[in-house]
Amino acid sequence: MTLRTFGFSEFGFLLQALQWTVLLTVIALIFGGALGFVVALARTSRSNALRLAAATYIQLIQGIPVLMILFLSYYGLSLAGFELPPLFAAGASMAIYASGYLAEIWRGCIQAVPKQQWEASESLALSPLQQYRYVILPQAIRISLPPTVGFAVQVVKNTSVTSIIGFVELARAGTLINNATFQPFRVFVAVAILYFVVCYPLSQLSRVLEKRLHVGSSR
Amino acid sequence: MSYTFQFGALLPYKADILAGIWLTLKLSFISILLGGLAGAVLASLRSTSGRAVRLVIDAYVEIIRNTPFLVQLFIVYFGLPGLGFRVGADTAALIGMTINLTAYSTEIIRAGIEAIHKSQIEAGEALGFTRFQILRHVIIVPAVGKVYPALCSQFVLMMLASSICSAISTPELAAAAAFVESQTYRSFEVYILVTLIYLTLALVLRGALALLGLWLFGRRAVRRPLAAMPEVSA
């Protein structure tokens, strides 16, 4: 038996797997974002019970490893009788993970909107829903952009954990190619470079957005 | 769904779980200590050195922060032996965790150093502090105090991320869970139990770090405005 070497076709395989990493990230951000948004609203609501529930949820998600969320949803789903492909368990757990962190990030952004904005909009007889829709959220979203993009980098990186339950994304593809070529250093450095190519522009974008935000607010 | 939980099935494996907890704690403790110290050193080096050193440190920080911890572990554990360094799974985990955490703590402490006002350093010079005294009392300690909460979050995240070391067969808590699962097939019970253990560890670590912060920076933080007062009135 001759070993394969790490060449163009292997690199192509990594590129293909990178698409799954990106897809998983997008799924996590969309569903995790939706859930996180609801939790962030609950965390800043006037109801004590809602605030407590949201705070507990955030503490819980931020207090357990992503790997455990993954295992629990992987085994939990099969326990509930669903024979689902790993993409579902991976997507669901990434979304749950992202929701816990996005909720906390966005809570901070909602609370960063000056209190006078609430008071002014209330004095204009806006309903709470209108206050959020027309006054608070447009400002909060502006504030939330840099940290949200920054967190997207964390999500991209953490999707690598799904390789442990056998989901073939970039890190898993690296392991598979390493098993065929046995050139671990070359393979995993290539994998790292591909992650870097995705993450670094996002990190820089987050930095640029943050600078721009500060320029705006100091006027 | 008619699943009956049988947590009793895990009882014979108490020793394995405890050994896992112990290794998780050990890895976390050492990497937090080393990573925190190295971060402080690199951040202050970065602020006092020339362009070349700064470039190297920045490159290191960006490379680590923009690649997954899992892949870093793979490079240390599978990649280094090819270059002639053979490391065990425990050592590889410790190296990986320290390298990773150092990059984050460097970045966090750097932000703290940049937030130190230049007049503070000038005041230190005016008081006849040596360069080292200024670096220690005026720059590093107040900088770390300023960013201490962010640093703590990163430490807790590292403890949680140590679970990923199970992928390179480091026998820490997550690996212990996988082992018990393979022996008992009570997957859900094992992972619920271990998740609760991680949650407890995270809460305890957060509490301990908060106490440490109070002890290290609490009084200093209270005294700082007072010390700045003569400067303001003058």
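So the values come out like this:
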quantity	calculated
All positions within the stretch A:25-53 that are surrounded by 15 or more Cβ atoms within 10 Å (Cβ to Cβ) and at pLDDT below 95	A:44
Selection count where residues are surrounded by fewer than 18 Cβ atoms within 10 Å (Cβ to Cβ), away from every other protein chain (no Cβ under 14 Å) and not hydroxyl-bearing (Ser, Thr, Tyr), scope the stretch B:41-66	9
Top-ranked residue in the stretch B:1-32 [being polar (S, T, N, Q), within 14 Å of chain A (Cβ to nearest Cβ) and touching a residue at least 40 places away in the same chain (Cβ under 8 Å); ranked as nearest to residue B:190 (Cα to Cα)]	B:6
Sole residue being within 14 Å of another protein chain (Cβ to nearest Cβ) and over 22 Å from the mean Cα position of the chain (by Cα), chosen from A:81, A:12, A:7	A:81
Elements of type helices (runs of 4 or more DSSP H) in the stretch A:87-200, at least 1 residues being surrounded by fewer than 24 Cβ atoms within 10 Å (Cβ to Cβ) and among the aromatic types (Phe, Trp, Tyr)	A:115-123, A:137-158
Within the stretch B:70-89, considering residues that are more than 7 Å from every other protein chain (Cβ to nearest Cβ) and under 17 Å from the mean Cα position of the chain (by Cα), the one surrounded by the most Cβ atoms within 10 Å (Cβ to Cβ)	B:73
From B:128, B:145, B:124, residue being more than 13 Å from every other protein chain (Cβ to nearest Cβ) and outside any helix (DSSP H, G or I)	B:128
Which numbered condition residue A:56 fails, given (1) within 14 Å of chain B (Cβ to nearest Cβ); (2) surrounded by 16 or more Cβ atoms within 10 Å (Cβ to Cβ); (3) in a helix (DSSP H, G or I)	(2)
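The values are calculated or read from the model by the stated rules, or taken from the named source; none is laboratory data. These numbers were taken from a predicted model, which means no experiment stands behind them. Positions of Cβ are backbone-derived with ideal geometry, glycine not excepted, and every protein chain shown enters the neighbour counts.
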